[in-house]
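Encoded as structure tokens, the structure appears first; notes follow it.
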2 protein chains.
Amino acid sequence: MGDHSIPEENGGDPSSSTALDIYPLSCYYFGSRDSVSLNTETRADRLLRLRANYDAVGMRSCVAAVIVVELFKHPHLLLLQVQNSIYRLPGGRVRQGESDTDCLKRKLESKLSAGEDGRGPDWEVGECLGMWWRPDFESVLYPYLPPNIKRPKECTKLYLVKLPPSRRFIVPKNSRLLAIPLCQLHENYETYGPIISGVPQLLSKYSFNMVEP
Amino acid sequence: MGDHSIPEENGGDPSSSTALDIYPLSCYYFGSRDSVSLNTETRADRLLRLRANYDAVGMRSCVAAVIVVELFKHPHLLLLQVQNSIYRLPGGRVRQGESDTDCLKRKLESKLSAGEDGRGPDWEVGECLGMWWRPDFESVLYPYLPPNIKRPKECTKLYLVKLPPSRRFIVPKNSRLLAIPLCQLHENYETYGPIISGVPQLLSKYSFNMVEP
């Protein structure tokens, strides 16, 4: 009889998969703070703003965080839900001259922490997991630069953000921070859209090491 | 007016994306050799064989190669097509005690080269891009270990294989080696299945550097 359990390691193969430590959801504190005003821009106004920004500074660059916790022995992705409908990865737009890492830390601090007091542990931004391109202002995004597109209007990069064994998350009262199991996200394009429903694949190269607290 | 072209680099940001050199399809020679006999095993026979192998040596491990070339300024994935229907990434089953890298080199040599003469350049096996798990012998694969599955029956790992600026591909007459554009694979689950249709996402972290010959 052979060994039927999951192999721990691929015997020193240099190309073997990477381990990622994840901690139980119960290791983290989740609190709330005052609501923030929601963007009430019309679609036409948004389009005008995007065009003006593109003319002024070129392609829009965005960053988004892939943050994983453990629950019921299965990896869960942290998502923000706004107005009980739209699911988003935490993140936002990169400023001119700002690095992706600095932007993502700033966005995580403003969206998932108490604000600017800076008392929490620093956010550990890891490797880029994927990039999605928007060929025109109102088009959907693609995980490649579509053929014949020389002037894309937006690039959104997904970065792995590794959590410490403990930290506080503080989100505005009018948004919710949810932990969704990877098995619910996979191929669930309808509910979560193309980027979030593809995150399980982007994470699939990692062997999750579920750390006991 | 800002710079509207695609940014080359993210100004020394350590977490910025990785470049991948790809070469035009025309840099490669494609030839054929005698047909190989196809597997005519029935579904019941296959299931018996898989169960017997699992009892003898445990979980089945497979490896598959993600090989990219440039055509019409867009990245294309190399796929094998057997019997005008099934598309496959080149690869196969890892032997007991064999490393993933050694297995993939052996499979690429037997499936994409003239055979055992070993005169071609070595295959450069790069990083693991993803892993897919089969919880039971006849189930589909998932890009995570499904909840409550302690004894998966198969794990297939996808590895990036980097091509040199030139090489010969020799495939049996009864299979075809095709270069399919990433834009055709993306979300095309019906034609290519979950693994291949997800490859554009797994590759999306790379900035393709299309090298002129």
Screening B:VAL140, B:VAL125 for residues that are out of contact with any Cys (no Cβ under 9 Å at 6 or more places or on another chain) and assigned to a loop (DSSP other than H, G, I, E, B) leaves only B:VAL140
For B:TYR29, the lone unmet condition from (1) in contact with a strand residue (DSSP E or B) (Cβ under 7 Å, 6 or more places away or on another chain); (2) at pLDDT 90 or above; (3) surrounded by 11 or more Cβ atoms within 10 Å (Cβ to Cβ) is (3)
If we ask which residues in segment A:148-168 are at the interface with chain B (Cβ under 8 Å from one of its Cβ atoms) and of a type in the set (Asp, Glu), their number turns out to be 0
Listed by range, strands (runs of 3 or more DSSP E) wholly within segment B:152-191 having at least 3 residues that are surrounded by fewer than 19 Cβ atoms within 10 Å (Cβ to Cβ) are B:167-172, B:175-181
Matching residues in segment B:126-143 (open to solvent by 30 Å² or more (accessible area, probe 1.4 Å) and at the interface with chain A (Cβ under 7 Å from one of its Cβ atoms)) number 2
Selection from segment B:69-102 of residues on the phi > 0 side of the Ramachandran plot and either in contact with a Ser or Thr (Cβ under 7 Å, 6 or more places away or on another chain) or within 14 Å of another protein chain (Cβ to nearest Cβ) (or both) yields B:PHE72, B:LYS73, B:GLY91, B:GLY97
Of the conditions (1) open to solvent by 70 Å² or more (accessible area, probe 1.4 Å); (2) in contact (Cβ under 8 Å) with a residue 24 or more places away in the chain; (3) hydroxyl-bearing (Ser, Thr, Tyr), the single one that B:SER113 does not satisfy is (1)
The condition from (1) more than 13 Å from every other protein chain (Cβ to nearest Cβ); (2) more than 16 Å from the chain's Cα centre (by Cα) that B:LYS205 misses is numbered (1)
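The values are calculated or read from the model by the stated rules, or taken from the named source; none is laboratory data. What you see is a predicted model, and the numbers here were worked out from it, not measured in a lab. Neighbour counts are summed over all protein chains in view; Cβ atoms, including those assigned to glycine, are modelled from backbone coordinates with ideal geometry. In case anyone asks, the SASA skips ligands and DNA or RNA and just uses the protein heavy atoms, side chains included. Shrake-Rupley method; radii C 1.70, N 1.55, O 1.52, S 1.80 Å.
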